[in-house]
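Notes to accompany the following structure.
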Amino acid sequence: MQVELNKAQFSSRLQTIYDGWNGSGHAEEYGPISDVEGLLLLSGDPAGEDEPIRKGTAFQTWLLGYEFPSTFILFLKSRVLMLCSANKAKHLQQVKDAHPNVGVEILSMAKGKEPPSDALPKFVEAYSACKRVACLTKETYSGKVYAEWEKALGGLDTKPEIVDLAPAMSTFMAVKDDDEIKLTRTAAALTSTLLTHHIAVKLEMILDKEAKITHEQFAAQIEGRLGSGEGDNAKGPDMKVWSKGRGLNDVDWGSTEFCYSPIIQSRSTNTGYDLRSTHESTDDAIAHKGVFLIAVGMRYKSYCANVGRSIIVDPSKASPEQEEIYNLLLSLQGEVLREMKNGVKAREVYQTAIDFVRSKKPELEKNFVKNIGSGTGIEFRDSAYLLSLKNSRPLRTNMIFNLTLGFSDLVDEGGKKYALHLVDTVRVNADKASLMTEGVRSTKDTLFFLNPENEDEYEEELSSKAKGKAPAKSHANGSPVKNKTAGGKVLRNKTRSAAQEEVLHTAAARIKEHQGELHSTLQNEGLAKYAEGGSAGAGKEGKGWKRFQSYKGEGALPKDVESLRIVVDRKAQTIILPVHGFAVPFHINTIKNVSKNDEGEFTYLRINFQTPGQLAGKKEDTPFEDPDATFIRSVTYRSTDGHRFDHISKQITELKKEVNKREQQKKEFADVIEQDTLVEIKGRRPQKLPEVFVRPALDGKRLPGEVEIHQNGLRYQSPMGSQKIDVLFSNIKHLFFQPCDKELLVIVHVHLKAPILVGKRKAHDIQFFREASDVQFDETGNRKRKHRYGDEDEIEMEQQERKRRQMLNKEFKLFAERVAEAASTSTGDTLEVDIPFRELAFEGVPFRTNVRLQPTTECLVHLVEPPFLVVTLSDIEITSLERVQFSLKQFDMVLIFKDFTKPPLHINSIPSSQLDDVKNWLDSVDIAFSEGPVNLNWGPIMKTINESPYDFFQQGGWTFLGGGGAESDNESDSGSESEFEADSEELVSEESEAAESEYSDFSDASDDSGGGSFDDGDSDGDDWDELERKAAKCKLISYSNNPVLMFPADAKHAEVKGGRGSDSEDERPKKKKGAAASGSKGRANGKPAANGKSKR
């Protein structure tokens, strides 16, 4: 593979070397090389993976962009010599003429079997001609080339004086250019994302559940976010974590790695707290209290970023020292950042830090770290730029530092030692330094508290603390009183009821706030997407009049027209009518219908034509080229031959039906695509999944076939080889694997971007499955019964069934991952296997039957049986939850798509017990939702939106649904209504209760069917006849303070609900008295008997 070197970058950095070398007499940093005649950079065999990057390797990578092992570079005043192997010389030839003033000479060594070249002698001669040479004196090398170099130096009479090059080399690489800062910024974003969206979340979960896990295991899980395994078992990066970071869309994951294994320390670490980056996570179980130290560093394209945090769980209330020290670290970091600017020396930065500690907490000076960080870049730790009292090197703009602040050997009130640190990657600017890493820094993110047992006493403590008084009572397990911090995370409530109340309140508040943000975003995006005058159907063609032709000339007319009789030409799809002695053809598309009437001895045949004003009522909506032209509306013929007219009428009607059916089929299959040819794999056998069935099923006997992975797609082959289904990778939108856990089938499901034809049917989905149950076993037991008693054989069968299911899951999942890998390789776009989350499933009716709907990472699916449902979550604009009422057992969900021309998807009859689960899921996947008490008629609503989406969003958009996380008004009404009903049941007579029981079945049926419950015996609404008169009109009802158009049935339904829930709180006591006095009078008005009269 040809390695492409960046010539412009090489020239720029070579100029940096020579500028520093030539001006070394004026700069303190370059002092050691001021009078040398050459700079020598040696390299041997590559270092091991566990060894830190050497300075020579880092410098070579900085200069050339790649590491070139066993390559020597000698910088002279006028030229550069490079000694390397023949293969490396081919790559290095790219930079030979990169610099205009400094020439580069490549000395290529001979290959093993070739005679020795003069490359090494020339290099040694140039080296020996110098009196003083700078090189890396502390590095050691190995390898064949270095051995030859040592041998050649042994034969020299005089050798140059050696000077250490390391300090000057650090200065060359210290100031970062734009490309280096960009790479460091990406490394910092990776580190911050991992800390914020995985480590902190995972640690909080461990602490909350008191999970048993070692520090080493936790560190390994963190490393696994970049992928793990090799070959077929390799797993890619965890995009659920990385997708949450900013600026990580174009990351080259092959160039991303950890600088060191993540370091996790807690109170139970057997080696004690250690702030050094060389520390390793131990195999002790993580403690669930005390101080936690986290450190993680990531490298992107050789450039490093590092971050470290302290998490304090249940800090001592009696002595809030830990919280105060952490606040001191936060303040100290701000002070140091202000000091780190261009021209300030490293020791001055440290001095500023130690002075700040002395002024705030002098007793902590002895615990403060001996240095507060170092320069970083390709080298994780550049000791030449150590921020300590002994370093006098100045800081320059665009230097990158790993700023490490901390206190060690601190002692808590229990006598146990602990440490605190705050680590970030910072960039030096002209006036002050800026943070490149972020996240989990404030006290609300790093202080975890335990709830007190008694909240009233806790509030009393807080109030007494605010007044300067001591708390009335101290709790051993209570929450600390916060002094300088506000917020913090609360873990593990001490009382079960308090825990449940807090979870419900917190979840509802979180959802409400998040939904408000989502609705606001929808509104802004809608206004931006649809410019003024734009429409949802932009880019789609409207109705058009299809041109048609019956005959090209008179010669094509059938011979039967000579008799001037009505002729039906099925081949030409034409009706030929005699008009004033001429045979006039009319295409079947011009004919609307035909009718036949008998009057006396004559039969009349009337043929009606398509004319403007009949289809849609508006000329602009009719599909005619010229609606203002003159049209024939109908033609009538009279005849005494009724049988012939009857035959002609049937012929025209059947021809019209055939044409309409053909047009409907053509319209239905309009989006079906014809795939490219499948390219079969040659030279090896394709990977297969045998013994699987396919849906939609092929014609013929149901037999299992096999699925093969080819170069650009999948092929399902029937067992006889006569039928096959090809699916190209370029047409796969989603790939699902559904295990057979608690299911009868194990499934690999492919959802297509565009439908294809399978036989004569259109298919959006192709599914490969195998039945998990095995019915081929002997139920009698035979010989086993002689030796076994009880349930031993049944237990063995269950174990075998469990193993068989595990093997099926493993086989199908492996095949799905291979399909995803092959598709990603073929198309260049990442295809991931999506697995349904059964724990998030809910019941619903998307079509005609009640099914289990399961969310996945990207979709909402039902894959068990056809018709399948696959809804891409990113295609959903908003979700409307309807029929959400306290008295109803079920509610409906309507998914409105971003493509407004697509009809909304209705999922009906979801159990009300799963309402909170559905809300939480919708909120977690960032889908805005609203809820209301009635069903909306989405046909007219979507038509109005499509006419002018911009006007729709200008007038408030989806706010008419009452979204934004606000609680619907009907909930409070229905809640109070239920209290009213409970009271009234105690007051009504036994006779009215008996009357109510007669209608209990009706009320249950109305609940299940989505209507309101009419069994409220105390309703004073309109009588039944009045409601029916009102329902005959289209009503404009008020739904969340905005008008919504509804059909009569919905308006009637809403009126009934409005009649029940419109009573004010002041009127209800009167209502109760009336109910008690008059028995079931209200029920007679509110609920009809079977014969249409009231029960009384």
Could you work out the pair-distance distribution P(r) of the range 842-959 from its alpha-carbon pairs, with 5 angstrom bin width and percents rounded to whole numbers? 2, 10, 21, 25, 21, 13, 7, 2, 0
With +1 on each Lys and Arg Cβ and -1 on each Asp and Glu Cβ, and nothing else charged, work out how big the dipole of the range 842-959 is about its Cα centre, in Debye to the nearest 20. 340
Here FRET efficiency (C-beta to C-beta, Asp274 to Asp412, R₀ 22 Å, nearest 0.05) is 0.80
Ordering Phe847, Phe693, Phe401, Phe582 from largest to smallest accessible area (1.4 angstrom probe), what's the sequence? Phe582, Phe847, Phe693, Phe401
Please report the antiparallel percentage of the DSSP beta bridges confined to the range 842-959, to the nearest 5. 90
If you restrict to DSSP beta bridges whose two residues both lie in the range 7-173, what percentage is antiparallel, to the nearest 5? 40
Over the Cα atoms, compute the radius of gyration (one decimal) and Dmax (the largest Cα-Cα distance, rounded to a whole number) for the range 7-173, in Å. 15.3, 50
Projected label distance in nm at Ala220 and Phe609, using a 7 Å step from Cα toward the beta-carbon: 8.4
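For Tyr66 and Ala147 in the same chain, what is the full-extension length gain: residue separation times 0.36 nm, less their Cα-Cα distance, in nm?
Length difference between fully extended and current span is 26.8 nm.
Ranked from the most accessible area to the least, with a 1.4 Å probe and all protein chains present, what is the order of Asp431, Asp445, Asp626?
If we order Asp431, Asp445, Asp626 from most to least accessible, we get Asp431, Asp626, Asp445.
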Once each part is reduced to its C-alpha centroid, what is the distance from the range 172-197 to the range 128-170 in angstrom? 34
Rounded to whole angstrom, the alpha-carbon centroid of the range 698-717 lies from that of the range 831-891 at a distance of 29
Compute the separation of the alpha-carbon centres of the range 32-53 and the range 342-382 and state it in Å as a whole number. 29
Quick one: how many Å² of Ser909 are accessible to a 1.4 Å probe, rounded to 10? 30
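What dipole magnitude, in Debye to the nearest 20, does the range 290-388 give about its Cα centre under +1 on Lys/Arg Cβ and -1 on Asp/Glu Cβ?
For this selection, approximately 320 debye.
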Dipole moment magnitude, nearest 20 debye, the range 7-173 about Cα centre, only Lys, Arg, Asp, Glu C-beta charged: 500
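The values are calculated or read from the model by the stated rules, or taken from the named source; none is laboratory data. On a predicted model such as this, the values are computed, not experimentally measured, just so you know. Quick reminder, even Gly has a Cβ in these numbers, built from the backbone with ideal geometry, and neighbours come from all protein chains shown. Accessible surface areas use protein heavy atoms only, side chains included; no ligands, DNA or RNA. Shrake-Rupley method; radii C 1.70, N 1.55, O 1.52, S 1.80 Å.
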